Amino acid sequence: MSGAFPFENDARSAHAARLGMWVFLASESMFFAALFGLYAALRANHADGFREGVRHAELAIGTANTAILLASSLVVVLAVDAVRHARPLLARKLLVGAMALGCTFLALKGVEYSHHFTEGIVPGAGATSQGEQEYFNLYYIMTGLHALHVVAGIIVLGWLARRAPTFTHQDEGHVPLELGGLYWHLVDVVWLFLWPLFYLMR
Amino acid sequence: MVRTRTYFLVFFALLALTGLTFGLSFAPLGALETPVALAIACAKGLLVALFFMHLIETRKPYWLFGLLALLLMTLLIVLMVTDVVKREPRRAPAGTTRPA
């Protein structure tokens, strides 16, 4: 029995792992798709209220967070690249850097939420119209769910950073790192759609 | 195999597209505002998927699952929105009186 059992060899084992990860990412996308659909359906009937809500959004924080997540995705892919060049300790530092960027994102989100709370806008109350309230309800639900995914991603990156010295440069030598990276990139892509819908479309 | 330099180029392209979306959000595009913002977001997502998620490096069909999710997502959103916008506002049935 080879170490890759039940697969014949490491290449097939890696392929199965990547396939499984992509199926999982597709299912996570559907999770968010339901909420994006809800946004579209509610906005279609309350366009003015939603626009009012977007004007209330903290554009500077939202935009900074977009740049932060994009940078964190770069750092994660550079970590994979580092392992491919047989530099696992550099990868470890890069993964810790990505975690720091993720924590910065969450901190800024916390600041944003606290600003809204101070103004009295909470899930279910505080807005000046039904449409605007629906915008803010969706804002809390969707960015909150996204933030939970960021937390999970940071934990995964931390686990990968700990295991970094075990990753080798071969194609199949660092599959967990690749897969964890894929999850982080999905979290980034989801935000790439949250940002225009909640911060830009006035 | 993708060179390290390429990842930086993709990152700067992503930043440029972010700046473009930001700038265009102040332009008077009218009804085009939504499609333009979403199109640029799709372009950014595609760059992340192709390069950061390594799809461009392999001939294996991992992209198929992404495409499937995209198709199902489109179906879901289109059907939801076209249903909801065509609904009439709720009215009490004839003969009932509203509670005081």
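The values are calculated or read from the model by the stated rules, or taken from the named source; none is laboratory data. Source: prediction; values computed, not measured. Areas reflect the complete protein model, heavy atoms only, side chains present, ligands, DNA and RNA absent. Shrake-Rupley method; radii C 1.70, N 1.55, O 1.52, S 1.80 Å.
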Review point. Which value, in Å² rounded to 10, gives the accessible area of A:His56 with a 1.4 Å probe and all protein chains present?
Key: 70
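Which semi-axis lengths, in whole Å and largest first, follow from the square roots of five times the eigenvalues of the Cα gyration tensor of chain A?
Details: eigenvalues 293, 69, 27 Å².
With the √(5λ) rule applied to chain A, the semi-axes are 38, 19, 12 Å.
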Practice item. Using a 1.4 angstrom probe on the protein heavy atoms only, line up A:Lys109, A:Lys93 by accessible area, largest first. Key: A:Lys93, A:Lys109
**Study point:** Accessible-area order (highest first, 1.4 angstrom probe) of the listed residues A:Asp48, A:Asp81
**Key:** A:Asp48, A:Asp81
Review point. Using the Karplus equation 6.51 cos²θ - 1.76 cosθ + 1.60 (θ = phi - 60°), what ³J(HN,Hα) coupling, rounded to whole Hz, does each residue of the range A:106-117 give in order, writing x for Gly and Pro?
Key: 5, 4, 5, 4, x, 4, 4, 4, 5, 4, 5, 4
**Study point:** Helical mean residue ellipticity (222 nm; -39500 (n - 2.57) per DSSP H run of 4+; nearest 500) of chain A
**Key:** -28000 deg cm²/dmol
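Do you know the relative contact order of chain A, to the nearest whole percent, from alpha carbon pairs under 8 angstrom that are 6+ apart?
Details: 211 pairs, mean separation 66.4, N = 202.
Here the relative contact order equals 33 percent.
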Point to revise | Set of lysines with alpha-carbon distance to A:Lys109 below 23 Å, sequence-local pairs under 8 removed | key: B:Lys44
Practice item. Report ³J(HN,Hα) in whole Hz for each residue of the range B:42-59, in order, from the Karplus equation J = 6.51 cos²θ - 1.76 cosθ + 1.60 where θ = phi - 60°; Gly and Pro get x. Key: 5, 4, 5, x, 5, 4, 4, 5, 5, 9, 5, 9, 6, 5, 6, 8, 10, 9
Check your understanding: Can you give the extra length, in nm with one decimal, that the chain gains between A:Lys93 and A:Glu28 once fully stretched, where that is 0.36 nm per residue apart less the Cα-Cα distance?
Key -> 20.6 nm
Practice item. Order the following by accessible area, largest value first: A:Thr166, A:Thr104, A:Thr143, A:Thr118. Probe radius 1.4 Å; ligands, DNA and RNA are ignored. Key: A:Thr118, A:Thr166, A:Thr104, A:Thr143
Review point. So what is Rg over Rh here for the range A:30-108, counting just Cα atoms and using Kirkwood for Rh?
Key: 1.19
